[in-house]
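Enquirer: I'd like to ask some things about the structure below.
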Amino acid sequence: MRTDYLKQNFPFTHRNIFLKFLLTLFFLGLAFRILFFHSLPSQISPVLESPFPQKATLSEPHNPPHTAALSQPLSEPPPVLERVPEPPPLLGHLPEPPPVLEFVSETEDQLPPTESEQCDYFNGDWVPNPSGPTYTNESCDLIETHQNCLKNGRPDREFLYWRWAPRHCDLPQLDPKRFLNMMRNKAWAFIGDSISRNHVQSLLCILSQVEKPVLVYHDEEYRSKSWNFPSYDFRISVIWSPFLVEAAIFEDINGVSSSEVELHLDKLDSKWTDQYLDFDYIIISTGKWFLKSAIYYENDTILGCHSCPKRNLTELGFNFAYRKALKFVMNFVVSSNHKGMVFFRTFTADHFENGEWFSGGTCNRTAPIKEGEMERKYLNQMLRDIELDEVGKAASEASKNGVNFKLVDFSALSQLRPDGHPGPYRQFQPFAKDKKAKVQNDCLHWCLPGPIDTWNDIIMEMIVKG
């Protein structure tokens, strides 16, 4: 009956259309289901799927080779592996990024900033140095006879194998090639007494390992000299001016006086002041000569004297003259408009024991001493106190005037090296004929090579630090 009903109410043409419609709906639904569920995983970000988004990796189109490693799971991925999108607007203030640190490669003329600019190079200890000095008496022919201890027969060698180590910073050994490169077209002056001459020999010997200096000037007594390093157009001079002020000195080459020194405390020695502005770096020193017997002048009038019992003059003492002369020198330095760098080097104490140079004093030690092991002599302490006082005042004024003025205080580190002097070996083979011979000792100047070489290491670092 149902079939008849359909035949009567739905002719064949209508039935055919109806069946096609049902089939179309079926296949459309099937196709939609297949397409939708197969494409769903690739359309949804894996970050949203993961319960631990901080461990997820970001997919990259085409997966280029340099990002392939990022597809591996990381236990704790560093932040630098994340790609940060451009921030959307209105996210609030973002902190400034940290400054970029620039790494400067070390060259011959640069030091990496490994230590504080406020390093105290003068507070330290002498420590063993198995490598020894950078030169020997055989590799340097610029050493004067009285400081050429090894050539003169000094038998021990331990004094050569120590270096100065500041307690809170490093002190590299002076690199002669680097130094000469820094000093191209420059001029140095060492102004002072025979210790300045001793000091300049040390520097020349170190630098001569790169290029041998040429002597271009000397005075009649060979006390003032100048050398040139031709390849660098670098000049070093030593100017002999033991008092820094004008002085008439009456003594022979061995230091034996025939009369008191005549010292004009209000007149600077023109030997150094006339050349002062010609130098880029200047090291000034004085001290020991003020202990000599002297008559003091001002305005060409006698003021008094030091240690002149045979004269009817007021005894003023060497400390009076030293302070007055040093103040005068410092006033000149701080008002000179010098555009380079000026150092004042403190005097270094002698180490005569069992007497003085004129009364059989000796210095036979072969190793450094500890602080307090040898007491500083009273007169030496007086000189040092005056230096620190007057130079301290001058440094303050120099800063105001734009003068680059620095103190180099080698007093303490030198005090610990009584083993560094020539002693009896200031002369050639003093005991060759008699092993018990009594010979004059030099416990003031320094053997070369020796502890004085450290002075150049420190000055070099102070120049680099500015």
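The values are calculated or read from the model by the stated rules, or taken from the named source; none is laboratory data. All values reported here derive from a predicted model rather than from experimental measurement. Because the Cβ atoms are built from the backbone with ideal geometry, glycine has one as well, and the counts that use them run over all protein chains shown. Heavy atoms of the whole protein, side chains included, go into the accessibility calculation; ligands, DNA and RNA do not. Shrake-Rupley method; radii C 1.70, N 1.55, O 1.52, S 1.80 Å.
Enquirer: Tally time: how many residues in region 232-291 are of a type in the set (Gly, Ala, Ser) and modelled with pLDDT of 95 or more? I'd like the intermediate steps shown before the answer.
Expert: First, pick out the residues of region 232-291 that are of a type in the set (Gly, Ala, Ser): 237, 241, 247-248, 255, 257-259, 270, 285, 287.
Narrowing the set further to residues that are modelled with pLDDT of 95 or more leaves 237, 241, 247-248, 270, 285.
Counting residues in region 232-291 that are of a type in the set (Gly, Ala, Ser) and modelled with pLDDT of 95 or more gives 6.
Enquirer: Give the residues of region 320-340 that are in contact (Cβ under 8 Å) with a residue 60 or more places away in the chain and either open to solvent by less than 60 Å² (accessible area, probe 1.4 Å) or touching a Phe, Trp or Tyr at 6+ places or on another chain (Cβ under 9 Å) (or both), sorted by residue number.
Expert: Tyr322, Ala325, Leu326, Val329, Met330, Phe332, Val333, Val334, Ser336, His338, Gly340
Enquirer: Considering only region 255-269, I want to know if a residue exists there that is out of contact with any Phe, Trp or Tyr (no Cβ under 6 Å at 6 or more places or on another chain) and over 30 Å from Asn312 (Cβ atoms).
Expert: no
Enquirer: List pairs: first residue in region 154-171 and in a loop (DSSP other than H, G, I, E, B), second residue small (Gly, Ala, Ser) and surrounded by 11 or more Cβ atoms within 10 Å (Cβ to Cβ) anywhere in the structure, Cβ distance under 6 angstrom, at least six positions apart or on different chains.
Expert: As it stands, the answer is Tyr161/Gly132; Arg167/Gly124, since those pairs meet every condition given.
Enquirer: Give me a count of the residues in region 176-205 that are part of a helix (DSSP H, G or I), in contact with an Asp or Glu (Cβ under 8 Å, 6 or more places away or on another chain) and open to solvent by 10 Å² or more (accessible area, probe 1.4 Å).
Expert: Count: 5.
Enquirer: Can you give me the number of residues within region 387-417 that are part of a helix (DSSP H, G or I), open to solvent by 10 Å² or more (accessible area, probe 1.4 Å) and either among the aliphatic types (A, V, I, L, M) or closer than 18 Å to Gly124 by Cα (or both)?
Expert: To start, the set of residues in region 387-417 that are part of a helix (DSSP H, G or I) comprises 387-401, 411-415.
Then keep just the ones that are open to solvent by 10 Å² or more (accessible area, probe 1.4 Å); that gives 388-389, 392-393, 395-397, 399-401, 412, 415.
Among the residues that remain, those that are also either among the aliphatic types (A, V, I, L, M) or closer than 18 Å to Gly124 by Cα (or both) are: 388, 395, 412, 415.
Matching residues across region 387-417 total 4.
Enquirer: Does any residue of region 281-288 turn out to be within 30 Å of Lys186 (Cα to Cα), in contact with a helix residue (DSSP H, G or I) (Cβ under 6 Å, 6 or more places away or on another chain) and not aliphatic (A, V, I, L, M)?
Expert: yes
Here is a yes/no grid of residues against (1) assigned to a loop (DSSP other than H, G, I, E, B); (2) among the hydroxyl-bearing types (Ser, Thr, Tyr); (3) more than 25 Å from Arg197 (Cβ to Cβ):
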{"residue": "Glu262", "(1), (2), (3)": "no, no, no"}
{"residue": "Leu277", "(1), (2), (3)": "no, no, no"}
{"residue": "Trp289", "(1), (2), (3)": "no, no, no"}
{"residue": "Cys305", "(1), (2), (3)": "no, no, yes"}
{"residue": "Asn319", "(1), (2), (3)": "no, no, yes"}
{"residue": "Val333", "(1), (2), (3)": "no, no, no"}
{"residue": "Ser336", "(1), (2), (3)": "yes, yes, no"}
{"residue": "Phe344", "(1), (2), (3)": "no, no, no"}
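Enquirer: Does Lys377 meet the test of being touching a residue at least 24 places away in the same chain (Cβ under 8 Å) and closer than 30 Å to Glu158 by Cα? Don't jump to the end; show me each part of the working.
Expert: Numbers: touching a residue at least 24 places away in the same chain (Cβ under 8 Å): yes; closer than 30 Å to Glu158 by Cα: yes.
So Lys377 fits the description; yes.
Enquirer: Moving on to the next point. Any idea which of (1) touching a residue at least 24 places away in the same chain (Cβ under 8 Å); (2) within 21 Å of Glu390 (Cβ to Cβ) is the one Gly317 doesn't satisfy?
Expert: (1)
Enquirer: Hey, another quick one. Consider region 114-158. How many of its residues are touching a Cys at 6+ places or on another chain (Cβ under 8 Å), over 30 Å from Leu215 (Cα atoms) and surrounded by 15 or more Cβ atoms within 10 Å (Cβ to Cβ)?
Expert: Qualifying residue count, region 114-158: 3.
Enquirer: Sticking with this structure for a sec: Report yes if some residue within region 295-302 is of a type outside the set (A, V, I, L, M), without any contact (Cβ under 8 Å) to a residue 60 or more places away in the chain, closer than 19 Å to His421 by Cα and open to solvent by less than 20 Å² (accessible area, probe 1.4 Å); otherwise report no.
Expert: no
Enquirer: Is it true that Asp269 is within 28 Å of Trp188 (Cβ to Cβ), acidic (Asp, Glu) and open to solvent by less than 60 Å² (accessible area, probe 1.4 Å)?
Expert: Working: within 28 Å of Trp188 (Cβ to Cβ): yes; acidic (Asp, Glu): yes; open to solvent by less than 60 Å² (accessible area, probe 1.4 Å): yes.
Here the answer is yes, as Asp269 does meet what is asked.
Enquirer: Pick out the one residue from Gly420, Gly372 that is over 22 Å from the mean Cα position of the chain (by Cα) and surrounded by fewer than 21 Cβ atoms within 10 Å (Cβ to Cβ). Step through it out loud before you land on a result.
Expert: Details: Gly420 fails: surrounded by fewer than 21 Cβ atoms within 10 Å (Cβ to Cβ).
Criteria check complete, one pass: Gly372.
Enquirer: On the given criteria, is Arg426 open to solvent by 10 Å² or more (accessible area, probe 1.4 Å), at pLDDT 95 or above and among the charged types (D, E, K, R)?
Expert: Values: open to solvent by 10 Å² or more (accessible area, probe 1.4 Å): yes; at pLDDT 95 or above: yes; among the charged types (D, E, K, R): yes.
When the stated conditions are applied, Arg426 passes them.
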